[in-house]
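Data first, discussion second: the structure below is written as structure tokens.
Read-outs: derived from the displayed coordinates by stated rules, not from any lab. The structure displayed is predicted, hence computed values, not measured ones. For neighbour counting, all protein chains shown are included, and Cβ atoms are generated from backbone atoms with ideal geometry for every residue, glycine included.
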Amino acid sequence: MVKIEQDILGKNDQYAAANRQRFAEQAIFTLNLVSSPGSGKTTVLTRTLQDLNGEIPLAVIEGDQQTSRDAERIRATGAPAIQINTGKGCHLDAHMVGHAVASLAPETGSVLFIENVGNLVCPAAFDLGEAHKVAILSVTEGEDKPIKYPDMFHAANLLLLNKIDLLPYLQFDVERCIDFARRVNPQIEVLQISASSGEGMQQWYQWIRSAREQCHA
Amino acid sequence: MHEMSICEGIVQVIEAQAAVQNYTRVKTVWLEIGALSGVEIEALKFCFDAVCRDTIAAGSSLHICEVPGRAWCMQCAKALAVTARYDPCPNCGSYQLQVTGGDEMKIKELEVA
């Protein structure tokens, strides 16, 4: 008999710790954006990049199973972006992100956005070395998603409730959704936004600025 | 969730430890899996045999010790058992719970040759 006593995801966690150290040394503030497919992650991101361009250095790691379509959308905003294709994989892991950071080489002081694979299950368990996970949920999805996929909403520090410009056409109870999110994560912050109309985006940028300051403090 | 990658993680740890702890074959693997870890035990067992094929753990048997979920109710200031992250406190109905146990995914020990 031999004792092992090791976490199964220990190897990922070691790579994540190495990424986190690199981010700290270069004052890179990293956000891991997670959501289901179609929540508007890439649209939130492209608008954010356009609006913060010139204020803060920005960089993006794009995760998708296939194609570099999202990285092309990102590069069109002028921000440096690298695409990771996970192939058959359902999530990004810290090892892939470490390699991507090495080739992308974000400027010191950057905000680095990692757009994870659209999936509310697997990315919850994989620490990439980020400062925060940001979950994006759109109001065209069910308001009970936070309790259907509790691990992801538990792991996130911020919930962006997107596409709120569509609320008049939908039967989506915002308060009920926030209540569900707080059942799985009493500390989660919630911002209501629309990446297409721009509503609430200033609060999201303010959240980025203050979380970035706290991270580097 | 991603039981296949979890099994790959298990085999990586076992292979890395083989050199350190001097073994060449693994007969039994004991894991500790928490009720809140997001791991589907039946799926894990299903993937395990496939992932172990052609490794030092080929043909090994898998034993899983399930750890119940535990939380601390911030309203009652009491420890309690939970089965899911969205469970309310059975005493006061509050959702202000801090999970304190049951999210582990660990390799405990191995029977080796």
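Restrict the check to the range A:119-135 and report whether at least one residue is more than 27 Å from B:MET4 (Cβ to Cβ), assigned to a loop (DSSP other than H, G, I, E, B) and more than 10 Å from every other protein chain (Cβ to nearest Cβ). Scanning the range A:119-135, I find at least one residue that is more than 27 Å from B:MET4 (Cβ to Cβ), assigned to a loop (DSSP other than H, G, I, E, B) and more than 10 Å from every other protein chain (Cβ to nearest Cβ), so the answer is yes. A:VAL44 satisfies every condition listed in (1) surrounded by 14 or more Cβ atoms within 10 Å (Cβ to Cβ); (2) within 14 Å of chain B (Cβ to nearest Cβ); (3) over 15 Å from A:LEU112 (Cβ atoms); (4) of a type in the set (A, V, I, L, M, F, W, C) except (2).
Taking the listed residues A:ALA195, A:ALA124, the one that is surrounded by 15 or more Cβ atoms within 10 Å (Cβ to Cβ), in contact (Cβ under 8 Å) with a residue 24 or more places away in the chain and under 30 Å from B:GLU40 (Cβ atoms) is A:ALA124, with no other qualifying. Candidates B:ASP87, B:ASP54: the one that is at the interface with another protein chain (Cβ under 9 Å from one of its Cβ atoms) and either more than 22 Å from A:PHE126 (Cβ to Cβ) or surrounded by fewer than 19 Cβ atoms within 10 Å (Cβ to Cβ) (or both) is B:ASP87.
Residues are listed down the side, and each one gets a yes or a no for (1) more than 14 Å from chain B (Cβ to nearest Cβ); (2) more than 14 Å from the chain's Cα centre (by Cα):
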| position | (1), (2) |
| --- | --- |
| A:MET152 | no, no |
| A:ALA156 | no, no |
| A:LYS163 | yes, yes |
| A:CYS177 | no, yes |
| A:ARG182 | no, yes |
| A:SER194 | yes, yes |
| A:SER197 | yes, yes |
| A:TRP204 | yes, no |
| A:ARG212 | yes, yes |
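Quick check on the range B:43-50. Is at least one of its residues farther than 25 Å from A:LEU120 by Cα, surrounded by fewer than 15 Cβ atoms within 10 Å (Cβ to Cβ) and within 20 Å of the chain's Cα centre (by Cα)? Yes, because at least one residue in the range B:43-50 is farther than 25 Å from A:LEU120 by Cα, surrounded by fewer than 15 Cβ atoms within 10 Å (Cβ to Cβ) and within 20 Å of the chain's Cα centre (by Cα). Taking residues in the range B:102-113 that are within 7 Å of chain A (Cβ to nearest Cβ), and partners anywhere that are surrounded by fewer than 20 Cβ atoms within 10 Å (Cβ to Cβ) and charged (D, E, K, R), the pairs with Cβ atoms closer than 6 Å and at least 6 places apart or on different chains are B:LYS106/A:ASP7; B:LYS106/B:GLU32; B:LYS108/B:GLU32; B:GLU109/A:LYS3; B:GLU111/B:LYS27. For the range A:52-93, the candidate set comprises residues that are in contact (Cβ under 8 Å) with a residue 40 or more places away in the chain and in contact with a Lys or Arg (Cβ under 8 Å, 6 or more places away or on another chain); within that set, the residue that is nearest to B:GLU3 (Cα to Cα) is A:GLN65. Using the structure shown, decide if A:GLY109 is over 19 Å from A:MET152 (Cβ atoms), touching a residue at least 40 places away in the same chain (Cβ under 8 Å) and surrounded by fewer than 18 Cβ atoms within 10 Å (Cβ to Cβ). Criteria met by A:GLY109. The numbered conditions (1) part of a helix (DSSP H, G or I); (2) touching a residue at least 60 places away in the same chain (Cβ under 8 Å); (3) within 30 Å of B:ALA16 (Cβ to Cβ); (4) away from chain B (no Cβ under 14 Å) are all true for A:THR30 except (1). Scanning the range A:27-83 for residues that are over 19 Å from A:GLU107 (Cα atoms) and of a type in the set (Lys, Arg) turns up A:LYS41, A:ARG47, A:ARG69, A:ARG73.
Might you check whether a residue that is aromatic (Phe, Trp, Tyr) and over 23 Å from B:TRP72 (Cβ atoms) occurs anywhere in the range A:187-205?
Start the filter on the range A:187-205 by keeping residues that are aromatic (Phe, Trp, Tyr), which leaves A:204-205.
Keeping just the survivors that are over 23 Å from B:TRP72 (Cβ atoms) gives A:204-205.
Yes, because at least one residue in the range A:187-205 is aromatic (Phe, Trp, Tyr) and over 23 Å from B:TRP72 (Cβ atoms).
In the set A:ALA71, A:ALA24, A:ALA17, only one residue is part of a helix (DSSP H, G or I) and in contact with a His (Cβ under 9 Å, 6 or more places away or on another chain); that residue is A:ALA24.
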